[in-house]
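Encoded as structure tokens, the structure appears first; notes follow it.
The values are calculated or read from the model by the stated rules, or taken from the named source; none is laboratory data. Only a predicted model underlies this, so the values are computations on that prediction, with no experimental measurement involved. Note that we place each Cβ from the backbone using ideal geometry, even for glycine, and neighbour counts take in every protein chain shown. Side chains included, ligands, DNA and RNA excluded: accessible areas come from the protein's heavy atoms. Shrake-Rupley method; radii C 1.70, N 1.55, O 1.52, S 1.80 Å.
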Amino acid sequence: MTGVSHDFRKLRLDCVSRSFGLHNALRDVSLEVARGEFIALLGPSGCGKSTALNCLAGLLPLTGGGIWLDDTRIDRLKPEERGFGMVFQNYALFPHMSVEKNVGFGLRMQGRGKAEIDGKVAAALNLVRLDDQRHKLPGQLSGGQQQRVAIARAIVIEPSLVLMDEPLSNLDAKLRLEMRAEIRRIHNLVGSTTIYVTHDQDEALSLADRIVVMRDGMVRQVGRPDELYGRPSHADVAEFMGYRNLLRLSVTAVTEGMAEVRIEQANLRGSLIGAARTGDIAIVAIRPDDLTPRIGGPIRATVNSAEYRGRDFYGIASTGSGQELFFRSEYRVAVGEVLDLGADPQRVLVYPGEARPPVS
Amino acid sequence: MQMMIEDKPPLRLRLAAMGFDSVTLLALPAVLFVLALFVYPFIYGLILSVEPKDGAVWYTNYQAFFSDPFLYGTIGKTLRLAAPVTALCVVISIPIALRVRWMRHQRLLTTILVLPITLGTVLIAEGLLNYMGPQGWLNRTLITIGLISGPLQLVHNYWGAFLGLFISIFPFTFLLTLSYVTGIEPALEQAASTLGARPWARFRHILLPLLAQGLAVNFCLSFVQAFSVFPTAVLLGAPAGSTRVISIAAYTAAYEAYDYSLASTIAMIMAAVQLVVVAIILSSRGLLYRGPMGGAKG
């Protein structure tokens, strides 16, 4: 039935584009995925990540480019010919079929024998730990259980690729953490290739082998979670990865990989990402966690507000020129207190300035 | 022995537990409306039907109806007209509704399809008479291009009434089907297609089971309308022959024989037949899935 091979080595997106009228939801997205990888497509809403997933599934035709599985072009195949498993955001379980029938649907469509279907369905339900719910209808299950049925239904057909569209967004916080671990466990156990769409960086960081950060329909950065967390390649990626302090400052000195920028009356050292010269305007990104009060901290700022979040205090302080900064403190700080804030040069990222404006 | 003293909660609480509280009063206008405009006339007609004109036994009229083939034959004739028309309407409305739900100009098309409702059955019948009559455009065109040598008999027979009834019932059926079809979560079909289901399999295994319940209700509502066909059967059909439907029999009894009692009897029988058909359809509905048409909760 399925028109594509199972033992592919590589999935390749080649300049994939999709536009809706004048709006370009995807622009020249190119990406290579090796078999067995767990890839997260990460980005704010409207960045094109769900569009990309629907294009992969065959639910949306491309307006440009191609999708290849090794040497086979698959972007003109219908969804039913691709043999990919998809987990939908709202699960899309068939409400009139029992859990067992839902999970066995793909196998029945492939015309497998009853004994084979029963065996595989039982194994899949065992994998997602729903053996005892097999005769229930989806409406009788909790959100987390429905989610697991959706996963079992997608993987039971042993798809070459599993696509997941924000599968955890409808669950509460505790269940989200549980299901996150569950999804990774199943991925490892089945050895499938997974492409996972999310807007939650924690989810992407903890699940994925590689993360693809998207914005405005374009790929901004592809990398391992630690690379993305520690060294985002662009200021807007940095902002999306939790660098809440984004300051426009002028560069006063550049030395092999490091740059010094002027802040208020003082100089701040940071790691230069990209190219900049003395006198340029740079965007400086610092995580609130890395900006702490310290002896000799170059930024003098007055505390506006602070809150205790267990272990540490997090707060907002403003500099003499009114620039607001998010900072962390290990000891209690009071509103109105004047702090000398600073950060390790490794943790201060300096981007060439006249790039794209940061995400609002 | 210990005496048990039961502490009964106040009446208000007991009523509330059964679902009656002050909000229930809001149903009162509707209840009065139904009583005055449906229940009272119905009972009035029922009583009228068992009080024959000449003061005979109460079942005289019913006996008369079922012993005269000219009268009881109208049941079969009406069923032969109404049931196939309704079935055809329901069946044809499905593919059209499935197509229309993805159209960008859905409202325009829906408006065009629904227009016949606003025209009324008489106008449709007159139009069809002009269009399909022996001297109508259709016959003239067919003769001119040489497809036929003489005019076809398209009206004043069963098929004339069939077509007229179809045109007046279809918009109603279509609107109901469309609302059921658009109520089905589109992701369900997408999910089925990623699981390897081709279009027919998606219809057969996903859409049809989810629609079946609605289609049954739709059939009942359309059927009741079609069963009470009157102008179409008179104007487009053969009211003395193949389309002498039950409402014509009732009309004849009431306004030609001035036998209101017999007319009421016929109306009661008409209601009973409709009820039987609706009951059969709705009881077989128990076999169908009835639940939400989306997968997720809330």
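Might you let me know whether the range B:244-262 holds any residue that is away from chain A (no Cβ under 14 Å), open to solvent by 30 Å² or more (accessible area, probe 1.4 Å) and among the charged types (D, E, K, R)?
Yes, because at least one residue in the range B:244-262 is away from chain A (no Cβ under 14 Å), open to solvent by 30 Å² or more (accessible area, probe 1.4 Å) and among the charged types (D, E, K, R).
Conditions tested, residue by residue: (1) open to solvent by less than 60 Å² (accessible area, probe 1.4 Å); (2) over 15 Å from A:PHE326 (Cβ atoms); (3) of a type outside the set (Gly, Ala, Ser).
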| site | (1), (2), (3) |
| --- | --- |
| A:SER233 | yes, yes, no |
| A:VAL251 | yes, yes, yes |
| A:THR255 | no, yes, yes |
| A:ILE281 | no, yes, yes |
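Could you identify the single residue in A:LEU168, A:LEU137, A:LEU163 that is of a type in the set (A, V, I, L, M, F, W, C) and open to solvent by 10 Å² or more (accessible area, probe 1.4 Å)? Can you show your working first?
Values: A:LEU168 fails: open to solvent by 10 Å² or more (accessible area, probe 1.4 Å); A:LEU163 fails: open to solvent by 10 Å² or more (accessible area, probe 1.4 Å).
None of the other options fit; the residue is A:LEU137.
Here is a list: B:LYS53, B:LYS77. Which entry is touching a residue at least 12 places away in the same chain (Cβ under 8 Å) and surrounded by 14 or more Cβ atoms within 10 Å (Cβ to Cβ)?
On the way: B:LYS53 fails: surrounded by 14 or more Cβ atoms within 10 Å (Cβ to Cβ).
Just a single option satisfies the conditions, and that option is B:LYS77.
Filter the range B:265-298 for residues that are more than 13 Å from every other protein chain (Cβ to nearest Cβ) and modelled with pLDDT under 70 and give the result. Talk me through it step by step, then tell me what you get.
If we filter the range B:265-298 for residues that are more than 13 Å from every other protein chain (Cβ to nearest Cβ), which is where we start, we get B:265-286.
The answer is B:GLY286, and nothing else.
Among the residues of the range B:159-214, write down those that are without any contact (Cβ under 8 Å) to a residue 24 or more places away in the chain and in contact with a Pro (Cβ under 8 Å, 6 or more places away or on another chain).
Answer for the range B:159-214, where residues must be without any contact (Cβ under 8 Å) to a residue 24 or more places away in the chain and in contact with a Pro (Cβ under 8 Å, 6 or more places away or on another chain): B:GLN190, B:SER193, B:THR194.
Can you say whether A:SER19 is open to solvent by 20 Å² or more (accessible area, probe 1.4 Å), touching a residue at least 24 places away in the same chain (Cβ under 8 Å) and in a loop (DSSP other than H, G, I, E, B), as far as the supplied structure shows?
Numbers: open to solvent by 20 Å² or more (accessible area, probe 1.4 Å): yes; touching a residue at least 24 places away in the same chain (Cβ under 8 Å): yes; in a loop (DSSP other than H, G, I, E, B): no.
Answer is no for this residue.
Against the definition (under 28 Å from B:HIS205 (Cα atoms) and open to solvent by 20 Å² or more (accessible area, probe 1.4 Å)), how does A:SER45 come out, yes or no?
So A:SER45 does not fit the description; no.
Condition check ((1) away from chain B (no Cβ under 13 Å); (2) under 21 Å from B:SER193 (Cα atoms)) across all residues:
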| site | (1), (2) |
| --- | --- |
| A:HIS96 | no, yes |
| A:VAL103 | no, yes |
| A:ARG108 | no, yes |
| A:GLY113 | yes, yes |
| A:ASN126 | yes, no |
| A:LEU130 | yes, no |
| A:LEU137 | no, yes |
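Between a residue in the range A:121-134 that is buried (at least 16 other Cβ atoms within 10 Å of the Cβ) and any residue that is among the acidic types (Asp, Glu), which pairs come within a Cβ distance under 7 Å, given they are 6 or more apart or on different chains?
From residues that are buried (at least 16 other Cβ atoms within 10 Å of the Cβ), the pairs are A:VAL121/A:GLU100; A:LEU125/A:ASP131; A:ARG134/A:GLU100.
Within the range A:196-219, identify whether any single residue is over 19 Å from A:LEU53 (Cα atoms) and surrounded by 21 or more Cβ atoms within 10 Å (Cβ to Cβ), and answer yes or no.
No, the range A:196-219 contains no residue that is over 19 Å from A:LEU53 (Cα atoms) and surrounded by 21 or more Cβ atoms within 10 Å (Cβ to Cβ).
So the check is Cβ under 8 Å with 6+ separation or different chains; which pairs have a first residue in the range B:241-263 that's acidic (Asp, Glu) and a second one that's surrounded by 20 or more Cβ atoms within 10 Å (Cβ to Cβ)?
Note: pairs meeting the criteria are B:ASP259/B:ALA253.
Within the range A:88-95, identify whether any single residue is in the same structural domain as A:LYS114 (by TED's automatic domain parsing) and touching a strand residue (DSSP E or B) at 6+ places or on another chain (Cβ under 8 Å), and answer yes or no. Give the derivation first.
Here is the first cut: in the range A:88-95, the residues in the same structural domain as A:LYS114 (by TED's automatic domain parsing) are A:88-95.
Then keep just the ones that are touching a strand residue (DSSP E or B) at 6+ places or on another chain (Cβ under 8 Å); that gives A:88-89.
There is at least one residue in the range A:88-95 that is in the same structural domain as A:LYS114 (by TED's automatic domain parsing) and touching a strand residue (DSSP E or B) at 6+ places or on another chain (Cβ under 8 Å).
Would you mention how many residues in the range A:53-97 are on the phi > 0 side of the Ramachandran plot and surrounded by 20 or more Cβ atoms within 10 Å (Cβ to Cβ)?
4
Across the range B:217-243, what is the total count of residues that are open to solvent by less than 20 Å² (accessible area, probe 1.4 Å) and outside any helix (DSSP H, G or I)? Walk me through how you get there before you give the answer.
First pass over the range B:217-243, keeping only residues open to solvent by less than 20 Å² (accessible area, probe 1.4 Å): B:218, B:220, B:222-223, B:226-227, B:229, B:232-233, B:236-237, B:243.
Next, only the ones that are outside any helix (DSSP H, G or I) stay: B:229, B:236-237, B:243.
Result for the range B:217-243: 4.
Across the range B:187-204, which residue is nearest to the other protein chains (Cβ to nearest Cβ) among those that are open to solvent by 60 Å² or more (accessible area, probe 1.4 Å) and assigned to a helix (DSSP H, G or I)? Show your work before the answer.
We begin by selecting, within the range B:187-204, every residue open to solvent by 60 Å² or more (accessible area, probe 1.4 Å); these are B:190, B:198-200, B:204.
So of that shortlist, the ones also assigned to a helix (DSSP H, G or I) come out as B:190, B:199-200, B:204.
Details: B:GLN190: 5, B:PRO199: 9, B:TRP200: 11, B:ARG204: 11 Å.
Within the range B:187-204, the match that is nearest to the other protein chains (Cβ to nearest Cβ) is B:GLN190.
Identify, please: which residue in the range A:68-94 is aliphatic (A, V, I, L, M) and touching a Gly at 6+ places or on another chain (Cβ under 9 Å) and is, among those, farthest from the other protein chains (Cβ to nearest Cβ)? Please lay out each step first, then the result.
Within the range A:68-94, the first condition is being aliphatic (A, V, I, L, M), and the residues that meet it are A:69, A:74, A:77, A:86-87, A:92-93.
Among the residues that remain, those that are also touching a Gly at 6+ places or on another chain (Cβ under 9 Å) are: A:74, A:77, A:92-93.
Details: A:ILE74: 13, A:LEU77: 11, A:ALA92: 4, A:LEU93: 4 Å.
Here the answer is A:ILE74.
Provide a single number: the residues in the range A:34-60 that are at pLDDT below 90 and touching a Ser or Thr at 6+ places or on another chain (Cβ under 8 Å).
0
Could you tell me how many of the residues in the range B:98-122 are among the hydrophobic types (A, V, I, L, M, F, W, C) and open to solvent by 100 Å² or more (accessible area, probe 1.4 Å)?
Step one: of the range B:98-122, the residues among the hydrophobic types (A, V, I, L, M, F, W, C) are B:98, B:100, B:102-103, B:108-109, B:112-115, B:117, B:119, B:122.
When the remaining residues are screened for being open to solvent by 100 Å² or more (accessible area, probe 1.4 Å), the result is B:102, B:108, B:112.
Counting residues in the range B:98-122 that are among the hydrophobic types (A, V, I, L, M, F, W, C) and open to solvent by 100 Å² or more (accessible area, probe 1.4 Å) gives 3.
If you check A:SER160 against the conditions, is it in contact (Cβ under 8 Å) with a residue 40 or more places away in the chain, over 16 Å from the mean Cα position of the chain (by Cα) and closer than 19 Å to A:LEU41 by Cα? Talk me through it step by step, then tell me what you get.
Values: in contact (Cβ under 8 Å) with a residue 40 or more places away in the chain: yes; over 16 Å from the mean Cα position of the chain (by Cα): yes; closer than 19 Å to A:LEU41 by Cα: yes.
Criteria met by A:SER160.
Which strands (runs of 3 or more DSSP E) does the range A:286-360 wholly contain that include 3 or more residues that are within 18 Å of A:ALA235 (Cα to Cα) and under 28 Å from the mean Cα position of the chain (by Cα)?
Values: elements: A:299-308, A:313-319, A:324-329, A:338-342, A:349-352.
Correct list: A:324-329, A:349-352.
Given (1) within 28 Å of B:MET268 (Cβ to Cβ); (2) part of a helix (DSSP H, G or I); (3) not acidic (Asp, Glu), identify the lone condition not met by B:PRO52.
The one condition B:PRO52 does not meet is (2).
Residue-by-condition table, conditions (1) out of contact with any strand residue (DSSP E or B) (no Cβ under 6 Å at 6 or more places or on another chain); (2) open to solvent by 60 Å² or more (accessible area, probe 1.4 Å); (3) modelled with pLDDT of 95 or more:
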| site | (1), (2), (3) |
| --- | --- |
| A:SER305 | no, no, no |
| A:GLY315 | no, no, no |
| A:SER318 | no, no, no |
| A:GLU324 | no, yes, no |
| A:GLY336 | yes, no, no |
| A:ARG347 | yes, yes, no |
| A:GLU354 | yes, yes, no |
| A:VAL359 | yes, no, no |
